[in-house]
Each structure stands twice: as structure tokens, then as C-alpha cells.
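> Pasting in a structure now, in C-alpha cells, and then I'll have a few things to ask.
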Amino acid sequence: MASNPQPPSETFYEELKQCSSIAAAPPPKPWERSGASSGPAPFKPPSAGSTSDVVEASGTARPGEIITSTDRTTTANRNALGRPVPTRPWEQQSYGSNTYGGYGSTLNYGSGYGTGMYGGVGGMYGSSMYGNSMYRGGYGGLYGSSGAYGGGMYGGGIGGPMGGYGMGMGGPYGGQDPNGPYGEPPSPPGFWISFLRVMQGVVNFFGRISILIDQNTQAFHMFMTALLQLFDRSGMLYGELARFVLRLLGIRTKPRKVHPPGPDGLPLPGPDNPHAARGCIEKPKAAPTGSWDNVWENDASR
Amino acid sequence: MPIFKTPFNGYSVKFSPFYENRLAVATAQNFGILGNGRLHVLSLPPSPAAPISEIACFDTADGVYDLAWSESHDSLLVAAVADGSVKLYDSSLPPANNPLRSLHEHTREVQSVDYNPTRRDSFLSAAWDDSVKLWTVDRPASVRTFKEHTYCVYSAAWNPRHADVFASASGDCTARIWDVREPGSTMIIPAHEFEILSLDWNKYDDCVIATASVDKSIRVWDVRNYRVPVAVLNGHGYAVRKVKFSPHRGSLMASCSYDMTVCLWDYMVEDSLVGRYDHHTEFAVGVDMSVLVEGLLASTGWDELVYVWQHGTDPRAP
């Protein structure tokens, strides 16, 4: 374990400044106990003294140097490899919105968004978090698309019944495989385009919600209708069955249909009134007294 | 083995070089996109069944992407913060007295910090402003700035045997070897066709480095002959976020990836994939191997969980 680690105090930093010797050392590393390396190393032998002394003795010390963006462009010329490097996610002005030809041409930035423009790890913007944006379409939710994970790997899977809810905007358009983006990665969209995409995501989201509510209401209505119909029909079935059983038992029941008397008290044709039916055939029915207005009810004058 | 739930998404985990039961975790809110960060100092329980206890935690105004334990003080921590600052914390002091120092020179997010294990008085920070800075604990400003990379520098690591030599990995698809006494880099290794996210030195062979890249592979290089890689390790399904050589076995290394797995590799043997753990349900972004206990691994990821387990056992087992 620790070879007497010092109890840290408020002033340990001051102590550190004064004494160059190390206050406490961790246990020896396992590799320090082993032998040397596999061969001669191409490194200069280590110098004695503290790191700051060594650097200052070499004449390379430049305390507190701040790298500005202008420094960065000059260093770019010294790139020994001469490889093209992608633009940085925060360099908004270089987003090259001219490639996009307006917001309408979705196809362009669809594929561009996911492939490497937010390269790297760590995360300032959506998809950069995924290490070179392996998840096409950016990191949904927050940036540019409605889904929780944008397109790509999680693709349309998330949110199951909603059918591709998680599909980021880049998803359907992203033709390139983000993990094998051979060729130049297109530059990322500008501010307005990303803003509009965010807005589209929001609108999409609420659209989906309202569709869901509508569908649910409809389904509920149909369910209730069906239920009522079922009760209705089952009541009739019960009646029929009961009559059948009673018939079998030899109990005569009155037929359910009771024919109401017709207008003017005339019995309507039916199985119970054969005479009326015959009479109806033989001679035309007399027009009721008064007018036809009183056909369906008894004449008020009677 | 024990599991610790962090409130934010995990970004990095490191074992203390002083105490075998202590580790620290760097976390960032909202997947590190925006929001606060927190640094946890955790203590492992004596028995595996007990939960991990928290010794200290420090809040920051921006996500913490990486941390490094001091090699000279058992309670001192260096944190890489997304606002471009490098902060020094003393885990034995209350949060009111922390951070001890906030070193603000980087103009972009700081992605990685590494403490010099041999000279023990300095540390490196690698940031998205394409530069690596060398700091010593006795100076209020950086001693030197190394700017040659043409894209974000994602990782910097000291050579375990040479106190003046370190390596850096960058998004410009190169790894560079530096000597703090030289004005420029001493070696440029065009290691991958895609961005390199992490690199580490072999602890038992000071000429061997491993680089992890977005192209889903890990490559092992000998700096004396870097035309061809010593080994190419394929097996991850997405970009490899971190690679770490074992402190106990020369050819063993651990890696974690956006395919949510933590893998163990032995680049010397034919079947190089030694172990595969898929316990994380989100991106695994932090992995470490204990210096003091052989085979003890820790990992963290965006599922806000920290796992500590012995190699060969199931991390999820209670």
C-alpha cells in the first residue's frame, strides 16, 4: 500500500511550491520491478531535475501560451502528412451552407450530417458524442431530430409502435455508412438549417402526439359501439334460446310479436288475422275518413 | 462485484495509485453535450457484497471528461473540464475548499489528462484546440504548449519509463511522439485512416504503443519501426473510445467502445480477443485497470453506472 502518504493539508500546495522533493510516492509500479524493454529505445536518456527545470533548460519553455485560432491555421500548414482534416464542429462560419442549396433540398444534408462532420469524441454537439457520429442524424432530442437517438444504429427501432419514431432526419437520407465514410465528409449544416430542423422535429413530435390521441379516441369509440352491439345481440339470443327451451318443455308462450292495431283501429295483415289479410286482397282498403294526414293516428274527430 | 450509480453520464474512471480500494469517476450531465459535471471519489467495500461508498464529490460548471490521480499526493486529482480548464482537487478537503486551482489556458474542451508517473511533478492535458499542454504542480501557468496536430487532440500519455517522453493521439489521424526537451514532435505515426481517439504505452516495452480509432480497430505500433503495425486488433463494432495497457502483463490491454462492450486483448497471441464484457447498456467510455490489484477492472459509461470487477467474473454479479 501507500508508503506513508502525507495527511493532506490546506497548505500542501504551498509546500509543493517550496520543496522540489516529492512529498509522498505511490507504491512502485509493477513494471518498474521488471527488466528493461525489448531493445534500445529511440529516446534521449532522461534528464535529471524537475520537469519545469528540464523544459526550461532545453529552451523550449513557453509559459502560459494560449493557442488562438490564427495560430491554428498556421500550424495547419505544418501538417507533415498533408491530409485533409474535417472542419471543427464549432467553426460555424465554415459550415459551407452553399452546398445545401436551401432548406428544401433535404437530400444533401441528410447524408452529410451524420458522416464525420462532428468527428471525434466528446461532445459538444449532438453526434460528436458518438465518436465520429456513428449514429446518423445526430443526437435526436436535443439537436435536429425528434428521436432519442437519431437514426443509425437505433434507427427506427426505438419507440416501437410509433414506427420509426427515433429516426433522425439524417436517417432516411444518410446513404453513407458513418463507420466507413470513404470519401470526403460533407460539411455540416448552418445555423438556420439546424434550427429549422429542430423546429421540424418539434412539429413532427406534436403531430405524432395528436395523431395518437385521435387514433385512440377512434379506437375507444369503436370498441364501445361494438360492446353495445354485442349486448344487444346477446339479449336477443337469450330470448330466442329461452323460447326454444320453453317450447321443448311444452310450455306455450305467446308469440312475441304483438301487432298493434292499424290506423283507424283496423287490424293489420298478419298471421293472426287471416281474414283481414284476405279482405285486403279482395277489396281495396277504404281511404280513412278525413284526410291522409291522419293515417298514422286515430282521427281526432272520433 | 459492486456497482455505483452516478447521477450523470460517466466519462472516465481511474484507480488510485496509492490505495487499492479507491477510484475516481468523471461524469458529465446530458451526455456531456451541455450541463454540469461531477467528480466522484469512491471507496470499494472490503467485501464484494457491500455497496461502493462515496468519499467525496465535486461539482463543476461544465462536464468533466477525464481525470488523473496525482502520483505525488494520495488525495490530489486533476480533472479535465469541458470549458477548457484543468482543475486540481484535493479529495480530502471539503467541496468548499475545492478546486485548489483552476488552470484555464485551453480555448476548447479538454479531453484527457495524464499525470507523469516517473517524475511525478507534472501532467499533460490534451484538448480540442489542437494542443497539448504540459503543467507542473509548482507553476500557476503551463510550462509548455505542444501544437502540431491539425485537429482535436483526444489523448496524451506519458511514457512509463522515460520521464520526458509522451505520445498524443489526434483527430488528424496521426499519433505523435514528443520529447519535452525538443521543440517539435520526434515522431509522427500515421496510425489510422480515421480519427484516433486514444493511445497508451506498453508498460513493459517502452517502445510499443497502442492506438484506438474510429475505424473500430486497435493497432499496436513499435515506435522504432512504425511503417507497419505490430498487430491490428479487430472485434469492436463501433469506434474504440479508450485503450489501456495492463500494468501487470506486457501484452494485455483493455479497451472500451461505443458498441457498449469492454474488451480485453492480448496482442501477442493468435486469438487476441481475451475477454468481452457487455454489461453496459450504453456507450462504454471509461475503462481502467488497477495498478495495485492484478486483474481488477473498472468501467463506466453513459448508462451512469460504474462497474468494478475482477477479470473473469461477471461485472453484473452482485
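The values are calculated or read from the model by the stated rules, or taken from the named source; none is laboratory data. From a predicted model like this one, the values you see are computed outputs, not experimental measurements. Cβ placement follows ideal geometry from the backbone for every residue including glycine, while neighbour counts extend to all protein chains displayed.
> Among (1) more than 19 Å from B:A191 (Cα to Cα); (2) outside any loop (DSSP other than H, G, I, E, B); (3) within 14 Å of chain A (Cβ to nearest Cβ), where does B:G250 come up short?
(2)
> Taking the condition assigned to a strand (DSSP E or B) and crowded, with 23+ Cβ neighbours inside 10 Å, does B:H40 pass? Quick ask: steps written out before the conclusion?
Details: assigned to a strand (DSSP E or B): yes; crowded, with 23+ Cβ neighbours inside 10 Å: yes.
When the stated conditions are applied, B:H40 passes them.
> Okay, moving on. Take the conditions in a loop (DSSP other than H, G, I, E, B) and under 17 Å from B:Y65 (Cβ atoms) and apply them to B:E282. Does it pass? Steps first, answer last, please.
Details: in a loop (DSSP other than H, G, I, E, B): yes; under 17 Å from B:Y65 (Cβ atoms): yes.
Considered against the rule, which asks whether it is in a loop (DSSP other than H, G, I, E, B) and under 17 Å from B:Y65 (Cβ atoms), B:E282 comes out as yes.
> If you go through the range B:131-150 one residue at a time, do you hit one that is more than 27 Å from A:A57 (Cα to Cα), facing chain A (nearest Cβ under 7 Å) and touching a residue at least 24 places away in the same chain (Cβ under 8 Å)?
Kept after step one, since they are more than 27 Å from A:A57 (Cα to Cα), are these residues of the range B:131-150: B:150.
Pick out the ones that are also facing chain A (nearest Cβ under 7 Å) and you get B:150.
From the residues that got through so far, the ones that are touching a residue at least 24 places away in the same chain (Cβ under 8 Å) too are none.
Checked against the condition, which is being more than 27 Å from A:A57 (Cα to Cα), facing chain A (nearest Cβ under 7 Å) and touching a residue at least 24 places away in the same chain (Cβ under 8 Å), the range B:131-150 yields no hits at all.
> Would you confirm whether any residue within the range B:221-230 is within 7 Å of chain A (Cβ to nearest Cβ) and surrounded by fewer than 23 Cβ atoms within 10 Å (Cβ to Cβ)? Working first, answer last.
As a first pass, look at the range B:221-230 and keep what is within 7 Å of chain A (Cβ to nearest Cβ): B:223-224.
This time we only want the ones that are surrounded by fewer than 23 Cβ atoms within 10 Å (Cβ to Cβ), so: B:223-224.
Scanning the range B:221-230 turns up at least one residue that is within 7 Å of chain A (Cβ to nearest Cβ) and surrounded by fewer than 23 Cβ atoms within 10 Å (Cβ to Cβ).
> Still on this structure, I have one more. Working only within the range B:54-71, note down all residues that are in a strand (DSSP E or B) and more than 25 Å from A:A24 (Cα to Cα). Can you show your working first?
Restricting attention to the range B:54-71, the residues satisfying the condition of being in a strand (DSSP E or B) are B:54-60, B:64-69.
B:D59, B:T60, B:V64, B:Y65, listed by residue number.
> For the range B:201-220, give me the residue count where each residue is in a strand (DSSP E or B), within 11 Å of another protein chain (Cβ to nearest Cβ) and β-branched (V, I, T).
1
> Pairs, please: C-beta under 7 Å, at least 6 apart or cross-chain, first residue aliphatic (A, V, I, L, M) and in the range B:97-126, second outside any strand (DSSP E or B) and at pLDDT below 90?
B:L100/A:Y13
> Can you name the residue in the range B:195-239 that is hydrophobic (A, V, I, L, M, F, W, C) and free of Cβ contacts under 8 Å to residues at least 40 places away in the same chain and, of all such residues, is farthest from B:V113 (Cα to Cα)? Walk me through it before giving the result.
Just the residues of the range B:195-239 that are hydrophobic (A, V, I, L, M, F, W, C), to begin with: B:196-197, B:199, B:201, B:207-210, B:212, B:214, B:218, B:220-221, B:223, B:228, B:230-233, B:239.
Cutting the leftovers down to free of Cβ contacts under 8 Å to residues at least 40 places away in the same chain gives us B:207-208, B:214, B:228, B:230, B:232.
Working: B:C207: 21, B:V208: 20, B:V214: 20, B:V228: 28, B:V230: 26, B:V232: 26 Å.
Filtering first and then ranking leaves B:V228.
> Looking at the range B:110-119, can you tell me whether even one residue there is within 7 Å of chain A (Cβ to nearest Cβ), surrounded by fewer than 24 Cβ atoms within 10 Å (Cβ to Cβ), in contact with a strand residue (DSSP E or B) (Cβ under 8 Å, 6 or more places away or on another chain) and basic (K, R)?
no
> For B:S198, work out the one condition from (1) more than 9 Å from every other protein chain (Cβ to nearest Cβ); (2) closer than 15 Å to B:R241 by Cβ it doesn't fulfil.
All conditions pass for B:S198, except number (1).
> Same structure, new question: Can you name the residue in the range B:285-318 that is in a loop (DSSP other than H, G, I, E, B) and small (G, A, S) and is also nearest to B:S155 (Cα to Cα) among such residues? Don't jump to the end; show me each part of the working.
Quick first cut of the range B:285-318, residues in a loop (DSSP other than H, G, I, E, B) only: B:290-295, B:302-304, B:311-318.
Filter once more, keeping what is small (G, A, S): B:290, B:295, B:312, B:317.
Values: B:S290: 20, B:G295: 24, B:G312: 28, B:A317: 32 Å.
Across the range B:285-318, the extreme among qualifying residues is B:S290.
> Tell me yes or no: at least one residue of the range B:165-178 is part of a loop (DSSP other than H, G, I, E, B) and either in contact (Cβ under 8 Å) with a residue 60 or more places away in the chain or basic (K, R) (or both).
For the range B:165-178, residues part of a loop (DSSP other than H, G, I, E, B) and either in contact (Cβ under 8 Å) with a residue 60 or more places away in the chain or basic (K, R) (or both): absent.
> Of the conditions (1) touching a Pro at 6+ places or on another chain (Cβ under 7 Å); (2) without any contact (Cβ under 8 Å) to a residue 24 or more places away in the chain, B:P160 fails just one. Which one is it?
The single condition B:P160 does not satisfy is (2).
> Conditions: (1) in contact (Cβ under 8 Å) with a residue 12 or more places away in the chain; (2) within 20 Å of B:Q310 (Cα to Cα). B:A28 meets all but one. Number of the miss?
Against the list (1) in contact (Cβ under 8 Å) with a residue 12 or more places away in the chain; (2) within 20 Å of B:Q310 (Cα to Cα), B:A28 comes up short only on (2).
> Scan the range B:267-297 for residues that are closer than 28 Å to B:P117 by Cα and either under 19 Å from the mean Cα position of the chain (by Cα) or within 14 Å of chain A (Cβ to nearest Cβ) (or both) and report the count.
Of the residues in that region, 16 qualify.
> Can you go through B:V13, B:V25 and tell me which one is aliphatic (A, V, I, L, M), within 24 Å of B:S72 (Cα to Cα) and in contact with a His (Cβ under 6 Å, 6 or more places away or on another chain)?
Details: B:V13 fails: in contact with a His (Cβ under 6 Å, 6 or more places away or on another chain).
Only one candidate passes the filter, namely B:V25.
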